[in-house]
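Step one of this worksheet: look at the structure below.
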Amino acid sequence: MSTQTPAASPSSRDGFSSRFGVFAATLGSAVGLGNLWKVPYLTGTHGGAAFLLVYLVATLLIGLPVMIAEISMGRKSRANAVTTLQTLAPTRGPWWLIGVLGMLAAFFILAFYSEVAAWIFAYILKAIRGEVISSDPTVTADEFTALIGDPVQSFLWQWVVLVLIGTILMFGITKGIEAVTKRLMPLLFVLLIVLCAVSLTLDEAKAGLEFLFKPDLDELTTSTVLVAMGLAFFKLSVGMGTMMTYGSYFKPDQNIPVTAFRVMCADVAVSLLAGIAIFPAVFTFGFVPEAGPSLVFITLPAVFSQLPFGQTLMVAFFILAAVAATGALLSLLEVPIAIFHERLRISRPRATVLTLGLLAAPATAAAFSQNLLINWQVADMTPFVLFDYVSSNIMLPLGGILIAVFVGWRWGWPAFSVALSNEGQLRNQRLARVIFTLLKYVTPLLVILVMAQGLGLA
Ligand code: PHE
């Protein structure tokens, strides 16, 4: 097979500069508040281990193949998500709409994600001032409630986050994304391991671990399974073109399945570490696992209160969490920015400003969801909850089905295997076959089934 890769020489296009940089940036997209905030809180509200198990299975059977598909597509086309689908399916059908759906999902996610990131940033300051550190559940809960109940703080911190990310993005891919994520992700990992070690010495560590790892399958309902699957999509940043866009910055000789697999393993590891750091404390100090979105913010200060240098470590933790959130936010913003930059032929700074401008309304609705707009509910959900629910449980799975169907039935095996295997240079054909078969049959059927059941359509 030819070793020429004409489409894969991004001479005029910015790209990741090294293999480790590619891995770090992709991991930087995957690891974020999903691991530190969403996995623990959803595991807590959905009954524990059984939920976690479904999330892991969905990650392996659905998330990973879709991630490999997206990266292969992006690297082949070297373009934003809309153009990628257009160029890979030049003649028939409105496949490019998948890119548009992905962009909409990015706005939905950005709206609430930037607010959670805002809480993290606010907590850095609180931790520095020593305001939140306590093992008393009522104290830590009151601190958090006061923060999210304050419209001014919710709004301002969110814009601190958005302006910061916008500024990083204006410097471009290599310098911006790579430089930030590469350096700080390993530190987060180390700090989480320290937290786990402390948590495991707590009195009720065993109860916490059992909650996390002893599945009771009776806990599972169809809606739980849907949420766990949605989490798998959200965690790996797939189903909406993020990985397609990042794939377009991949080097031509990067091994896609291996990179994707490593990202998945590291991402799952961070989620599990976060769970191990949190749940023993939940049971020891009398928090409730079902606390919901506040869980991390109210339990971790209790773990830190047990540590020597707890306050300093807590400051470090929230700074690293902010960095993790930043890596994910950068990748979310990159989807619309790449589309606007390349399709509307406007500069990257202009595309960034346009994206932030369009984001202003939904982001503000999310910021005010816990205070001014608390009664502004659709189907019992505030804008914040609605954006989260609709993106993770409807838009990303739908995007995932469409991407899998596109690869399996439209792009087809020959094109996919060449794109995946570095123009035929890698000899992992059998593995490529397995991934293709998963994409062609298993992913779409499984996701349709789970969605239909979970949404009560079947
Ligand atoms: N995976 C990120 C996290 O867990 C969130 C994300 C979702 C980022 C979708 C990009 C696209 O925090």
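The values are calculated or read from the model by the stated rules, or taken from the named source; none is laboratory data. Just so it is clear, the model here is predicted, and its values are computed rather than measured. Ideal geometry is used to build each Cβ from the backbone, glycine not excepted, and the neighbour counts take in all protein chains shown. The protein model used for the area step is the full one, side chains on, heavy atoms only, and it has no ligands, DNA or RNA in it. Shrake-Rupley method; radii C 1.70, N 1.55, O 1.52, S 1.80 Å.
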| Could you give the length gained on full extension between GLN425 and ILE128, defined as 0.36 nm per residue of separation minus the Cα-Cα distance, in nm? | 101.7 nm
| Contour excess over end-to-end distance, with Cα ends at VAL100 and ASP218 and 0.36 nm allotted per residue | 38.6 nm
| request: Write down the accessible area per residue of region 20-454 in Å², having rolled a 1.4 Å probe over the full set of protein chains. | output: 35 Å²
| request: Using only the alpha carbons of region 397-437, determine the length spanned along each of the three principal axes and report them from longest to shortest in whole angstroms. | output: 32, 15, 13
| Square roots of five times the Cα gyration tensor eigenvalues for region 118-171, Å | 26, 12, 7
| field | Global geometry of region 287-387, whether rounded, prolate or oblate, following the gyration tensor of its Cα atoms and the 1.5 cut on a/c | value | oblate
| field | Theoretical gain in end-to-end length, ASP142 to TRP376 [0.36 nm per residue, Cα-Cα removed] | value | 81.9 nm
| note | Of 88-101, 124-137, 389-402, 324-337, ordering from highest average Cβ density within 10 Å down gives 324-337, 389-402, 124-137, 88-101
| message | Just to confirm the number: angle between the C-alpha axis of helix 19-30 and the first principal axis of the chain, 0 to 90 degrees, nearest 10? | response | 60 degrees
| task | Obtain the nm distance between the two label points defined at ARG410 and LYS206 by a simple spin-label model: each point lies 7 Å from its Cα along the Cα-to-C-beta direction. | result | 5.6 nm
| query | What is the chain by shape, rounded, prolate or oblate, if you read a ≥ b ≥ c off the alpha carbon gyration tensor as root eigenvalues and call it rounded for a/c under 1.5, prolate for a/b larger than b/c, and oblate otherwise? | reply | prolate
| Using 1/(1 + (r/R0)^6) with R0 = 30 angstrom and r between the beta carbons of THR91 and LEU449, what's the FRET efficiency to the nearest 0.05? | 0.45
| Taking Cα centroids, how far is region 418-458 from region 338-366 in Å? | 32 Å
| Carbon and sulfur atoms: what percent of the 1.4 Å accessible area of the chain do they account for? | 67 percent
| remark: Here the FRET efficiency for ASP253 versus LEU358, based on Cβ atoms and R0 = 41 Å and rounded to 0.05, is 0.65
| request: Please go through the residue pairs LYS182/LYS440; LYS251/LYS440; LYS38/LYS126; LYS76/LYS235; LYS76/LYS440 and name each one whose alpha carbons sit more than 31 Å apart in this structure. | output: LYS182/LYS440
| request: Please give the peptides 162-171, 265-274 ranked by average Cβ packing (other Cβ atoms within 10 Å per residue), highest first, as a rough proxy for protection. | output: 265-274, 162-171
| task | For helix 222-235, report the angle its Cα long axis makes with the longest principal axis of the Cα atoms of the chain; keep it between 0 and 90° and round to the nearest 10°. | result | 70 degrees
| remark: Over the chain, the sum of -39500 (n - 2.57) across DSSP H runs of at least four, divided by residue number and rounded to 500 deg cm²/dmol, gives at 222 nm -22000 deg cm²/dmol
